[in-house]
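Quick notes on the structure that follows.
The values are calculated or read from the model by the stated rules, or taken from the named source; none is laboratory data. Worth saying up front: this structure is predicted, and the values here are computed from it rather than measured. Here the Cβ positions follow ideal geometry from the backbone for every residue, glycine too, while neighbour counts run over all protein chains shown. Ligands, DNA and RNA are excluded from the accessible area calculation, which covers all protein heavy atoms including side chains. Shrake-Rupley method; radii C 1.70, N 1.55, O 1.52, S 1.80 Å.
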Amino acid sequence: MKTGIFVGSFDPFTIGHASIVRRSLPLFDRIVIGVGINGRKQYMLNAEERTERIAHLYAGNPKVEVKAYCDLTVDFARRERAGYIIKGVRSVKDFEYEREQADINHRLSGIETILLYADPQLESISSSMVRELRHFGQDITRFLPEGY
């Protein structure tokens with residue numbers, strides 16, 4: 001079984017994230033969305049809320065699971081028996097960061113990272129931008145998947 005993990009803080013899970021999952025589905029038998037927990041970050045939603053909301057989006061899809069994790073991504077990948085880490089890239093800045101992460105993750109575990117470029121109409125959407133808009137009272141529903 002070919003398993004990929006799609007990891008991030010997903011605070012919140014945006015339509016850009018949903019696009020990466022949708023585009024990854026044909027590549028894998030199983031995708032585990034890993035909701036990262038970092039004690040040094042302050043979140044808009046706690047880990048349980050993020051995990052539950054994302055799980056609700058994919059409740060009807062047997063190929064998708066959603067789990068929280070608080071250790072290294074490669075350790076999470078090993079537990080899930082994943083051979084691939086899936087990451088979305090919106091910009092050159094994202095690419096450089098993800099390239100470095102992919103290299104370190106591969107050195108630590110041999111696990112490959114697959115980078116999927118954001119759909120052009122979604123490349124300006126980020127969780128931090130959505131949080132900022134929400135902070136200033138803006139309606140953020142157009143940036144979130146329906147049902148989230």
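In deg cm²/dmol, rounded to 500, what helix-only [θ] at 222 nm does the chain give when every DSSP H run of at least 4 residues adds -39500 (n - 2.57) and the total is split over its residues?
Helices in the chain give a 222 nm mean residue ellipticity of -11000 deg cm²/dmol.
Over the range 3-143, with the other protein chains present, what is the accessible area per residue in square angstrom, probe 1.4 angstrom?
Ligands and nucleic acids excluded, the result is 57 Å² per residue.
Roughly how far apart, in whole Å, are the Cα centres of the range 75-105 and the range 4-49?
That distance is 12 Å.
Pull out a ≥ b ≥ c, the square roots of the eigenvalues of the alpha-carbon gyration tensor of the range 26-72, then state rounded if a/c is under 1.5, prolate if not and a/b is larger than b/c, and oblate in the remaining case.
oblate
Please say if the range 34-119 is rounded, prolate or oblate, where rounded means a/c under 1.5 for a ≥ b ≥ c the square roots of the C-alpha gyration tensor eigenvalues, and otherwise the choice is prolate for a/b larger than b/c and oblate otherwise?
Rounded shape, in that the Cα axes give a/c under 1.5.
Pairs of lysines 8 or more apart, or on different chains, with alpha carbons under 29 Å: count those in the chain, would you?
Value for the chain: 9.
Can you match Cα extents along the principal axes in Å to one of these, [x] 45, 40, 32; [y] 44, 35, 32; [z] 46, 37, 26, based on a calculation from the structure here?
Identified label for the calculated read-out: [y].
In what order, largest first, do 1, 129 sit by accessible area if the probe radius is 1.4 Å?
The ordering from most to least exposed comes out as 1, 129.
Ordering 63, 87, 93 by accessible area with a probe of 1.4 Å, largest first, what comes out?
Correct descending sequence by accessible area is 93, 63, 87.
Within the accessible area of the range 3-143, what % is carbon and sulfur when the probe is 1.4 Å and the other protein chains stay in place?
Percent of accessible area from carbon and sulfur atoms in the range 3-143: 50.
For the chain, set up a GNM with springs between Cα atoms under 10 Å and report which of 134, 40, 30 has the largest fluctuation.
Highest fluctuation among the options: 40.
All other residues with a Cβ under 11 Å from the Cβ of residue 65 taken together, and with Lys, Arg as +1 and Asp, Glu as -1, what is their net charge?
With Lys, Arg at +1 and Asp, Glu at -1, the neighbours total +2.
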